[in-house]
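Q: Could you have a look at this structure, given as C-alpha cells, before my questions?
The values are calculated or read from the model by the stated rules, or taken from the named source; none is laboratory data. These numbers were taken from a predicted model, which means no experiment stands behind them. Cβ placement follows ideal geometry from the backbone for every residue including glycine, while neighbour counts extend to all protein chains displayed.
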Amino acid sequence: MISMITRTLLAAAVVSITCSGVFAAEPQLAHMVFFKTKDGSANAKEKLVAGCHKYLSGHEGTVYYSAGVIADEMKREVNDRDFDVSLHVVFANKAAHDKYQKNPRHLKFVEVCHDLWEGVRVFDSYLTPCPKACEAKK
C-alpha cells in the first residue's frame, strides 16, 4: 500500500510536470487558416477579417486568437504569398477544436463569408511547449 506521503509526492510531481507543459496529457492544437480572396481588394480583406472577428473569436477552449491581412512588405524567397487573410486560433486541445468546428457561430462564418474567398488552406498542428532551457535563452 502506498503511504500518504508517497501519494502526495507523486501528485505534486504530476501537477508540476503537467503545468510545465512537458508531459501535458493533451497538447494544444494550432488551427491556422489562410484565405485567398476572389478579388484581392482591400474591401474583401477587411470584410473577411471582420467576419473572423465576429464569428470565430471568443470560442470556448481558445487559448489564442487573431486574424489579419498579409504583410505586403514581406517578400523574401521563403515567404508564401498565396493568401490575403490569415486566421490563427490555438485551442486548449483537440476536443475544443472539434467543438468549435460544429459551433453555430463557426458554421455561420462559413455561410456568410464563403463568397469572399476563392481558396482556403488549413494547417492544423499539435504544439510542443518550449522547455525551460529554451526559455532561458531569451
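Q: Scan region 65-79 and report the pairs whose first residue is under 16 Å from Glu46 (Cβ atoms) and whose second residue is of a type in the set (A, V, I, L, M), with Cβ atoms within less than 6 Å and a gap of 6+ or a chain change.
A: Within 6 Å, the pairs are Ala67/Val49; Ala67/Leu87; Val69/Val85.
Q: I'd like to verify a number: residues in region 100-126 that are touching a residue at least 40 places away in the same chain (Cβ under 8 Å) and farther than 12 Å from Met32 by Cα, how many?
A: Matching residues across region 100-126 total 13.
Q: So which residues in region 82-108 are over 13 Å from His59 (Cα atoms) and either at pLDDT below 95 or of a type in the set (Phe, Trp, Tyr) (or both), if there are any at all?
A: Phe83
Q: Continuing with the same structure: Is it the case that some residue within region 30-38 is over 18 Å from Phe91 (Cα atoms), charged (D, E, K, R) and either in contact with a strand residue (DSSP E or B) (Cβ under 7 Å, 6 or more places away or on another chain) or in a helix (DSSP H, G or I) (or both)?
A: yes
Q: Are any residues in region 47-64 in contact (Cβ under 8 Å) with a residue 12 or more places away in the chain and part of a helix (DSSP H, G or I), and if so, which ones?
A: Of everything in region 47-64, those that are in contact (Cβ under 8 Å) with a residue 12 or more places away in the chain and part of a helix (DSSP H, G or I) turn out to be Lys47, Leu48, Val49, Gly51, Cys52, His53, Lys54, Tyr55, Leu56.
Q: Those residues that are surrounded by 14 or more Cβ atoms within 10 Å (Cβ to Cβ) and part of a helix (DSSP H, G or I), I need them from region 84-107; list them, please.
A: Scanning region 84-107 gives Lys94, Ala96, His97, Lys99, Tyr100, His106.
Q: Among the candidates Glu111, Glu135, Glu26, single out the residue that is at pLDDT below 95 and either buried (at least 17 other Cβ atoms within 10 Å of the Cβ) or assigned to a helix (DSSP H, G or I) (or both).
A: Glu135
Q: Among the residues of region 39-79, write down those that are surrounded by 13 or more Cβ atoms within 10 Å (Cβ to Cβ) and among the basic types (Lys, Arg).
A: Lys45, Lys47, Lys54
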